[in-house]
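Heads up, the thing below is written out as C-alpha cells.
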Amino acid sequence: MPSLLYMDDCFLNHGSESHPECPERLRYLRAHLQSADLIQRFERPPIILATEEQLQLAHHSGYINELRKYAEAGGGWLENDTFVSQQSFDTARSAVGTVIEAVDAVMKDVGRQAVCLVRPPGHHALPTMAMGFCLFNNIAIGAMHAREHHLLNRILIVDWDVHHGNGTQHLFYRDHDVYYVSVHRSPFFPGTGAANETGEGDGLGTTFNLPLEFGVSRKEYFERFSTLLGHAASRCRPELVLLSAGFDAHHADPVGSLGLETEDYAPLTKMVQDVANEYCDGRLVSVLEGGYNVPVLAECVELHLRTLLDRTP
C-alpha cells in the first residue's frame with residue numbers, strides 16, 4: 001500500500017517572506033526533496049479546499065467570516081505575530097481540506113500513511129481567534145472529521161512541536177474519544193501545557209503533557225517522551241494516529257529550540273509510527289507545524305519522510 005504526500009504551490013500563497021512562517025519554508029523544502037529523489041517515492045493526491053461546514057467543526061462562523069473579509073480587504077497583522085495576506089483565507093482552507101483528504105485516504109486504505117506539507121500551521125488556532133502563526137486548526141478538524149465521518153471512537157494526536165498546541169488541547173479538553181499528547185518547551189509560548197493539565201469532565205485523563213525546560217538532555221527528552229507516549233497509547237488504543245510534526249525543537253531553530261539534532265527526528269518518527277503499527281494497522285497522518293530554520297527544516301522533513309517510507313508495514 002503506497003504512502004501519500006500532499007504538497008502544492010498553493011501553500012506559497014500566504015503570508016510574507018519577512019515573517020518567520022514564510023513561503024520560502026515550503027519553496028526550499030520542495031527543491032530539497034526533489035534533489036533527494038524523495039517525492040517520486042510517494043503518491044501525490046490532489047489538494048482539496050475545505051468547505052465552510054468543515055471549518056465550523058472547530059471554528060465559529062463569525063471568526064471564519066471575519067478572517068475571510070480581512071483577507072479580501074488586503075490582510076495585515078491579524079494579531080501580534082500572525083500575518084494575513086490577500087490569499088491567506090483560501091490557502092488556510094486548502095491546508096484544512098488537505099488534512100481531511102489525507103484522513104479519508106488513510107481510513108479508506110488508499111494509503112497506509114500520509115504526510116501533509118501544508119501551511120499555515122494550525123495547532124495554536126482557537127475556535128474564535130488566530131494565534132501563533134495559525135489561522136485554522138488543521139489537525140483538530142482532521143480529527144473531528146475522522147470521528148464524524150468514519151465513526152471512530154479513539155483517536156490519538158501526538159504533537160512534538162517545540163510550542164505547546166494550546167488550540168488542539170482546548171478543542172478536545174472535555175472529549176473522551178480524542179487523546180492529546182504533547183512534548184514541548186516550558187516555560188515558553190503560549191504558556192500552556194503544564195503536566196497537571198490532563199483534561200476535564202468526559203475528557204479527564206485524555207490529555208498528556210510533557211513540559212521540558214530548555215537545556216534538557218536529548219537522552220532525557222527521548223526517555224520521557226517514549227514513556228509518556230507508550231502510556232497514552234495503551235490508554236487510548238487508537239484507531240487513527242495524527243501527528244503535529246513541528247521541527248522547531250531543533251537546536252538551530254531561531255524561534256524555538258529544545259536542543260534536538262536533525263538525526264533525532266528519525267527515532268521520534270519511529271516512536272509514533274510504532275504506535276500506529278501496533279494499534280491501528282499503521283494508519284498515520286503527519287501534518288507540518290513549525291520549523292523556521294529553512295535549510296534545517298528541509299533536512300528534518302527529509303529524514304522524517306525517509307523513516308516513514310523505510311518502516312512502512
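The values are calculated or read from the model by the stated rules, or taken from the named source; none is laboratory data. Values in this document were obtained by computation on a predicted structure and should not be read as measured data. Reconstructed Cβ throughout: ideal geometry from the backbone, glycine too, with neighbour counts over all protein chains shown. Quick note on the areas: whole protein, heavy atoms, side chains included, nothing else; ligands and nucleic acids left out. Shrake-Rupley method; radii C 1.70, N 1.55, O 1.52, S 1.80 Å.
Looking for something within 16 Å of the chain's Cα centre (by Cα), at pLDDT 95 or above and under 24 Å from LEU67 (Cα atoms) - is there at least one such residue anywhere in segment 171-184?
Step one: filter segment 171-184 for residues within 16 Å of the chain's Cα centre (by Cα), giving 171-172, 178-184.
In the following step, the residues that additionally are at pLDDT 95 or above were identified as 171-172, 178-184.
Still in the list and also under 24 Å from LEU67 (Cα atoms): 171-172.
Yes, because at least one residue in segment 171-184 is within 16 Å of the chain's Cα centre (by Cα), at pLDDT 95 or above and under 24 Å from LEU67 (Cα atoms).
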**Request:** Could you list, in sequence order, all residues of segment 146-194 that are among the small types (Gly, Ala, Ser) and in a strand (DSSP E or B)?
**Result:** SER182
**Those residues of segment 244-260 which are acidic (Asp, Glu) and either over 15 Å from ARG25 (Cα atoms) or open to solvent by less than 10 Å² (accessible area, probe 1.4 Å) (or both), in sequence order** = ASP248
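State yes or no: is LEU29 within 17 Å of the chain's Cα centre (by Cα) and either over 19 Å from PHE136 (Cβ atoms) or of a type in the set (Phe, Trp, Tyr) (or both)? I'd like the intermediate steps shown before the answer.
Details: within 17 Å of the chain's Cα centre (by Cα): yes; either over 19 Å from PHE136 (Cβ atoms) or of a type in the set (Phe, Trp, Tyr) (or both): yes.
Yes: the conditions hold for LEU29.
Are there helices (runs of 4 or more DSSP H) fully within segment 50-145 with at least 1 residues that are acidic (Asp, Glu), touching a residue at least 12 places away in the same chain (Cβ under 8 Å) and crowded, with 21+ Cβ neighbours inside 10 Å? List them.
On the way: elements: 52-55, 61-72, 88-107.
Of the helices (runs of 4 or more DSSP H) lying wholly inside segment 50-145, those with at least 1 residues that are acidic (Asp, Glu), touching a residue at least 12 places away in the same chain (Cβ under 8 Å) and crowded, with 21+ Cβ neighbours inside 10 Å span 88-107.
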**Item:** Qualifying positions in segment 141-170 - closer than 24 Å to CYS22 by Cβ and either in contact with a Ser or Thr (Cβ under 6 Å, 6 or more places away or on another chain) or of a type in the set (Asp, Glu) (or both)
**Value:** ASP159, ASP161, HIS164, GLY165, ASN166
**Asked** Of the residues in segment 173-197, how many are open to solvent by 50 Å² or more (accessible area, probe 1.4 Å) and either aromatic (Phe, Trp, Tyr) or closer than 20 Å to PRO238 by Cβ (or both)?
**Response** 4
**Request:** Could you please tell me which pairs satisfy a Cβ distance under 8 Å, a separation of 6+ or placement on different chains, a first residue in segment 225-236 that is touching a residue at least 40 places away in the same chain (Cβ under 8 Å), and a second residue that is open to solvent by 60 Å² or more (accessible area, probe 1.4 Å)?
**Result:** ALA233/GLU278; CYS236/ARG154
**Message:** With the requirement that a residue be touching a helix residue (DSSP H, G or I) at 6+ places or on another chain (Cβ under 8 Å), open to solvent by 60 Å² or more (accessible area, probe 1.4 Å), of a type outside the set (Ser, Thr, Tyr) and in a helix (DSSP H, G or I), what does segment 25-49 give you?
**Reply:** ARG27, ARG41
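Residue by residue, here is whether (1) touching a Pro at 6+ places or on another chain (Cβ under 7 Å); (2) at negative phi; (3) in contact (Cβ under 8 Å) with a residue 24 or more places away in the chain holds:
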site	(1), (2), (3)
LEU151	no, no, no
LEU156	yes, yes, yes
ASP159	no, yes, yes
ARG174	no, yes, yes
HIS184	yes, yes, yes
ALA194	yes, yes, no
GLY201	no, no, yes
GLY215	no, no, yes
**Request:** Could you tell me whether any residue of segment 204-223 is out of contact with any Ser or Thr (no Cβ under 7 Å at 6 or more places or on another chain), open to solvent by 30 Å² or more (accessible area, probe 1.4 Å) and among the aromatic types (Phe, Trp, Tyr)?
**Result:** yes
**Prompt:** Which members of segment 252-284 meet the condition of being in contact with a strand residue (DSSP E or B) (Cβ under 6 Å, 6 or more places away or on another chain) and closer than 19 Å to HIS124 by Cβ?
**Reply:** LEU258
